[in-house]
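Everything on this sheet refers to the single structure shown next.
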Amino acid sequence: MRRSNGAKIREIMRERGNACVYCGIGMWIAYDGCKRNDRMATLDHVIPKAIGGSNHNSNLVLACYRCNYERGSMAQAEFIDRRLALGEKEG
Ligand SMILES: [Zn+2]
């Protein structure tokens, strides 16, 4: 059975709230036909699917569109380190 990302995002948001795991921004769920927005919630795989990560909720986090886009194929730990390094520079 095929499930849309929207349903999955809603499910995880109910469990864990709507803050982006990387930047903490409050996100909203995209609806059909809406414009892309930095605060749009996206599903992010902790272990990328490309290297065998599962689609189970335990391997999924919610990230805002901007963080997901910035992370790209970077490992999650690497992205978090990079964000922290950038934060230290800015602060
Ligand atoms: Zn974010």
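Every number here is computed from the coordinates shown, using simple stated rules; none is lab data. As the structure is a prediction and not an experimental result, all values here were calculated from the model. Positions of Cβ are backbone-derived with ideal geometry, glycine not excepted, and every protein chain shown enters the neighbour counts.
Residues of the range 38-70 that are surrounded by 12 or more Cβ atoms within 10 Å (Cβ to Cβ) and aliphatic (A, V, I, L, M): 40, 41, 43, 46, 47, 60, 61, 62, 63. Of everything in the range 35-74 that is of a type outside the set (A, V, I, L, M, F, W, C) and within 8 Å of the chain's Cα centre (by Cα), the residue that is nearest to residue 6 (Cα to Cα) is 42.
At least 2 residues being away from the ligand (no atom under 12 Å from the Cβ) is the threshold, and among the helices (runs of 4 or more DSSP H) wholly inside the chain those reaching it are 5-16, 76-90.
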